[in-house]
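Take a look at the structure below.
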């Protein structure tokens with residue numbers, strides 16, 4: 001992710017644009033209901049992305065499950 005931040009994106013106008021990337025990762029669990037597994041993984045990844053954005057730029061956060069209190 002550091003490399004992404006060091007390479008500017010050149011717009012058609014010639015202007016250089018700096019970018020940074022944050023991300024959230026979550027595994028797709030095993031089981032027969034694919035749609036449910038994807039929905040759960042999406043929720044975990046979305047929460048991880050939110051956490052990455054809240055804790056600073058250029059972060060990657062993973063979530064493998066939620067606590068009982070969540």
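The numbers here are math on the coordinates, done by the rules we state, and not lab data. In this text the structure is predicted, and so the values were computed from the model without any measurement. Cβ placement follows ideal geometry from the backbone for every residue including glycine, while neighbour counts extend to all protein chains displayed.
Values as computed for the structure displayed
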| quantity | calculated |
| --- | --- |
| The lone exception for residue 4 - which of (1) surrounded by 14 or more Cβ atoms within 10 Å (Cβ to Cβ); (2) in a helix (DSSP H, G or I) it fails | (1) |
| Top-ranked residue of region 7-44 - restricted to ones that are part of a loop (DSSP other than H, G, I, E, B) and in contact (Cβ under 8 Å) with a residue 24 or more places away in the chain, ranked as farthest from residue 64 (Cα to Cα) | 20 |
| Residue in region 26-41 that is farthest from residue 57 (Cα to Cα), counting only those that are surrounded by 11 or more Cβ atoms within 10 Å (Cβ to Cβ) and touching a helix residue (DSSP H, G or I) at 6+ places or on another chain (Cβ under 6 Å) | 29 |
| Conditions (1) exposed (fewer than 10 other Cβ atoms within 10 Å of the Cβ); (2) over 19 Å from residue 1 (Cα atoms); (3) within 16 Å of the chain's Cα centre (by Cα); number of the one not met by residue 56 | (2) |
